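The values are calculated or read from the model by the stated rules, or taken from the named source; none is laboratory data. Everything quoted here is computed from the prediction, not taken from an experiment. Glycine also receives a Cβ, built like all others from the backbone with ideal geometry; neighbour counts cover every protein chain displayed. Heads up: the accessible areas ignore ligands, DNA and RNA and are worked out on the full protein's heavy atoms, side chains in. Shrake-Rupley method; radii C 1.70, N 1.55, O 1.52, S 1.80 Å.
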Amino acid sequence: MDRITFIKSLAAELAYKTKPSEIHHLIDYYDEMIQDLMEDGLSEVEAVAKLGTPKNIAQSTLGAEEIVVQVPRRFHPLLLLIIFLGFPLWGSLLLAALLLMLSGLIVMWCLPFSTGIVGITGLIGGIASVILSPMLLSQGLHFSITQLGLGVIMFGIGIICITFTYMLSKPIMGWTQQFIYFPKALYKSLRKQVTR
């Protein structure tokens, strides 16, 4: 086999098994190797024979493993019919799963929502009680002082609840993101297992 035929055969063996840039690099390498052997005194046919067959070279270069080319599956019309007819079953299950996720989110956010409402009403009620406490002086000093004290207590409870809501909202926000992205991650892991 001459050098040109050897190079063409090697390129054909490597064509669907490796990248075009690697094929070009390997062909240049073996072409230079043949030329070096010819410079050492071998004829073209002897130099090519010394390297081996293109098939053996391709197998040794690529290793024992073969590259598997995945052919995309076509969407079969019967599958569309099964999906359409099975909608009452899988549609209701999907809706139930979505509603369960929604109820989980509502339950997670109940505590921060409740403390936030208590905090806001405590702040507003405390400020209103402190501002309006002098109006009770006409009914007696003890009423005005009690109203002022309750206003300060309500304002303090409001500040504590707002702070608690802020501190509680950060981890719950992270949990919410994990909760929302869980189905997507589950789908990706199941898809990886199916394609293996």
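Output the number of the condition that P171 fails; it satisfies all remaining conditions of (1) open to solvent by 70 Å² or more (accessible area, probe 1.4 Å); (2) without any contact (Cβ under 8 Å) to a residue 12 or more places away in the chain.
It fails just one condition, (1).
On the given criteria, is S103 touching a helix residue (DSSP H, G or I) at 6+ places or on another chain (Cβ under 6 Å) and either at positive phi or modelled with pLDDT of 85 or more (or both)?
Spelling it out, it is not the case that S103 is touching a helix residue (DSSP H, G or I) at 6+ places or on another chain (Cβ under 6 Å) and either at positive phi or modelled with pLDDT of 85 or more (or both).
Results for (1) open to solvent by 70 Å² or more (accessible area, probe 1.4 Å); (2) farther than 30 Å from M173 by Cβ; (3) not in a helix (DSSP H, G or I), shown as yes or no for each residue.
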site: G125; (1), (2), (3): no, no, no
site: V130; (1), (2), (3): no, yes, no
site: S133; (1), (2), (3): no, yes, no
site: I145; (1), (2), (3): yes, yes, no
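Mind checking which residues of the range 14-36 are open to solvent by less than 60 Å² (accessible area, probe 1.4 Å) and assigned to a helix (DSSP H, G or I)?
If the condition is that a residue be open to solvent by less than 60 Å² (accessible area, probe 1.4 Å) and assigned to a helix (DSSP H, G or I), then L14, I23, L26, I27, Y30, D31, I34 are the ones that fit.
Pairs please, first residue from the range 40-57 and at negative phi, second anywhere and surrounded by 12 or more Cβ atoms within 10 Å (Cβ to Cβ) and modelled with pLDDT under 80, Cβ atoms under 6 Å, 6+ apart in sequence or on different chains.
V48/M1
When only residues in the range 37-58 that are assigned to a loop (DSSP other than H, G, I, E, B) and out of contact with any Lys or Arg (no Cβ under 9 Å at 6 or more places or on another chain) count, which is most open to solvent (accessible area, probe 1.4 Å)?
The first filter runs over the range 37-58 and keeps only residues assigned to a loop (DSSP other than H, G, I, E, B), leaving 40-43, 52-53.
Filter once more, so that each one left must be out of contact with any Lys or Arg (no Cβ under 9 Å at 6 or more places or on another chain): 40-41, 43, 52-53.
Values: D40: 127, G41: 64, S43: 54, G52: 29, T53: 68 Å².
It comes out as D40.
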